[in-house]
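Working notes, structure below.
Any read-out appearing in this document is the output of simple, stated calculations on the displayed coordinates, not a laboratory observation. Since we're looking at a predicted model, the values are computed, not measured. Cβ coordinates were reconstructed from backbone atoms using ideal geometry, including for glycine residues, and neighbour counts include every protein chain displayed.
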């Protein structure tokens, strides 16, 4: 029983050495994306799979030296499951590759803040503090007038209570 399981696993897994020298015939800025296409096309023709998924380690290997210099050849292990071929760099288990999420675009003010850094942030804080100091005296005056009115009313009430007691 164990022999049949290993035989099935051996049938589903295949090892390929994929030549990527054709990618060097392309322009510098198109080589690695073209090499990715070569890998996918090679796997589809040799495994007759309907779709191909590249593993994260294989993707890192292809892009390791940048867009201009992909490797000349890649040794991969392909596992065929239900019409999809999962391809990973030889010696590694397949881990699904997910692209990093895109960053949101920043406004002009946010871009300037990034460039200026801490100095701009400190300057903004100082401006807020100065604006706050200018606004506070007006608020305090209003608060003082309200407090004074309340104190006068309290005094009148106390005087009225004393008059009632006597």
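List of remarks:
- Full-extension gain in nm, residue 107 to residue 16, via 0.36 nm per residue minus C-alpha separation: 27.9 nm
- Counting neighbouring beta carbons within 10 Å and listing from fewest to most, the residues 84, 45 come out as 45, 84.
- Label-point separation in nm, residue 51 to residue 119, each point 7 Å along Cα→Cβ: 5.2 nm
- Order of 50, 56 - criterion: other Cβ atoms within 10 Å of each residue's Cβ, fewest first: 50, 56
- Counted residue by residue at 0.36 nm each, then reduced by the alpha carbon distance between them, the extension gain from residue 155 to residue 69 reaches 22.1 nm.
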